[in-house]
């Protein structure tokens, strides 16, 4: 398998990584290499065309892709981002790297606004500390502006409406926020969308009991993303003889909205996964929605913010067993599930965890194996099990030792 590479190892100089098949957004390339210089991709080219004097490291068989991006992840390995401690953040980061994730949006569920502010401050300090782990561009606030009827496992006592004045406290920390999801039908949701867009924050719809018209009003002023399709979404309702499209129908019928899907094989059966892909197509990305329960054994109890959940049948559940409490499967481990459910070509599958989430979160230099992009890489075996990751060209888990100068 190789040796462990120090996190302090230099990423400068030119190195070519070869051996596995290289999966781009369109092709699976054999006998090619990814040429890395100073932590960024210089080129993807046939191995025979590598410049002289370049160190070539053979990674062995498998697949090499752009690093995986999870825009909706609450925690892992018994720890959650709501804990707001460097120890919790580092522990989650270690688990995410092992699952092939090189960029993540730490996700905070609905909680009292002062608690969310504390967690945002702690995340911002951690991001600035050059800590080892996935890149953390900013947080995803999943709440607290949600519908009670579609709250799922969100804490009902923490739910608010955007017009109650609490937005100001959160937006004092706008630099720490990359995405905020909320219910578009709530009072003040359109103005909230405008505020988020002006602050450079992705406005996303979720946990909503509204109609397609509610979504359209927010989309008209910049809402661009929808979280976990089929989960926490209203569907068609009747007003007398009239059918009124809900959030689900509006999501699938859209031409522009990016859309998340939890591909743990628990939240959605294969039929609904296929339907989501048929509707959303190249707008669809996979997210883990993983919690502190990810990696814990059956029957374990964990928390998200102020609420406790159990690991039951390989997924998180509320103690009443009436709602899922997030996923217990990390993003890299969802790929075989999505492959089997969707039957997609490998390049299409990989874009759902690389370039599409990068587009959804407006991350400018990750998600593609293209010149100038960060050399964040994920190495899989042929069964799509993550083997290793590189951040800016430096391997932080394991990497083979074989290297030659061409």
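Just so it is clear, none of the values below were taken in a lab; they were calculated from the coordinates. Because the structure is predicted, anything quoted here is derived from the model rather than measured. FYI the Cβ positions are ideal-geometry reconstructions off the backbone, even for glycines, and counts take in every protein chain you see.
Against the main long axis of the alpha-carbon atoms of the chain, helix 189-198 sits at an angle near 30°.
Once a ≥ b ≥ c are taken as the square roots of the eigenvalues of the Cα gyration tensor of the stretch 67-199, is the result rounded (a/c under 1.5), prolate (a/b larger than b/c) or oblate (a/b not larger than b/c)? Don't skip to the end; give the middle numbers.
On the way: a/c = 1.93, a/b = 1.70, b/c = 1.14.
The shape class here is prolate.
Full extension of the segment from residue 30 to residue 131, taken as 0.36 nm per residue of separation minus the current Cα-Cα distance, would add 32.9 nm. Averaging the sequence gap over all C-alpha pairs within less than 8 Å and six or more residues apart, then dividing by the number of residues, gives the stretch 7-126 a relative contact order of 22 percent. The packing ranking, built from the mean of other Cβ atoms within 10 Å per residue, places the peptides 253-260, 25-32 in the order 253-260, 25-32, highest first. When both bridge partners sit in the stretch 69-200, DSSP labels roughly 15% of those beta bridges antiparallel. The alpha-carbon atoms of the stretch 240-316 define a convex hull whose volume equals 150 cubic angstrom per residue.
Does the stretch 247-406 come out rounded, prolate or oblate by the C-alpha gyration tensor, with a ≥ b ≥ c the root eigenvalues, rounded set by a/c under 1.5 and, if not, prolate when a/b is larger than b/c and oblate if not? Oblate shape, in that a/c is at least 1.5 and b/c is the bigger or equal ratio. Counting neighbouring beta carbons within 10 Å and listing from fewest to most, the residues 156, 117, 355 come out as 156, 117, 355.
Express in nm, to one decimal, how much length is gained between residue 370 and residue 85 on full extension, taking 0.36 nm for each residue of separation and deducting their alpha carbon distance. Don't jump to the answer; show the numbers that get you there.
Values: separation 285, 0.36 × 285 = 102.60 nm, distance 3.51 nm.
Using 0.36 nm per residue and subtracting the Cα-Cα distance, I get 99.1 nm.
Each label point was placed 7 Å from the Cα along the Cα-to-Cβ direction; for residue 168 and residue 213 their separation is 3.2 nm.
With a Förster radius of 56 Å applied to the C-beta separation of residue 220 and residue 47, the computed FRET efficiency comes to 0.65. DSSP beta bridges confined to the chain are antiparallel in about 60 percent of cases. In percent, rounded to a whole number, the relative contact order of the stretch 68-360 is 19, using alpha-carbon pairs under 8 Å and six or more apart. Highest average first, the peptides 280-288, 306-314 ordered by how many other beta carbon atoms sit within 10 Å of their residues are 280-288, 306-314.
In terms of its alpha-carbon gyration tensor, the stretch 68-360 comes out rounded; the largest-to-smallest axis ratio a/c stays below the 1.5 threshold. Compared with the alpha-carbon gap, the fully stretched path from residue 381 to residue 320 is longer by 18.1 nm at 0.36 nm per residue.
Tell me, 376, 58 in order of fewest to most beta-carbon neighbours within 10 Å?
Neighbour counts put them in this order, fewest first: 58, 376.
What does the helix-only formula give at 222 nm for the chain: each DSSP H stretch with n ≥ 4 adding -39500 (n - 2.57), the total divided by the residues, and the result rounded to the nearest 500 deg cm²/dmol? Roughly -6500 deg cm²/dmol at 222 nm, from the helical runs in the chain. Quick one: check the C-alpha center-to-center distance for the stretch 98-153 versus the stretch 195-272, whole angstrom. Here the answer is 21 Å between Cα centres. Here the simple spin-label model places points 7 Å from the Cα toward Cβ, and for residue 237 and residue 278 these points are separated by 2.7 nm.
Quick one: order 230, 89 by neighbouring beta-carbon count within 10 Å, fewest to most. Write out the running numbers ahead of the final one.
On the way: 230 18, 89 26.
Fewest-to-most Cβ neighbours within 10 Å comes out as 230, 89.
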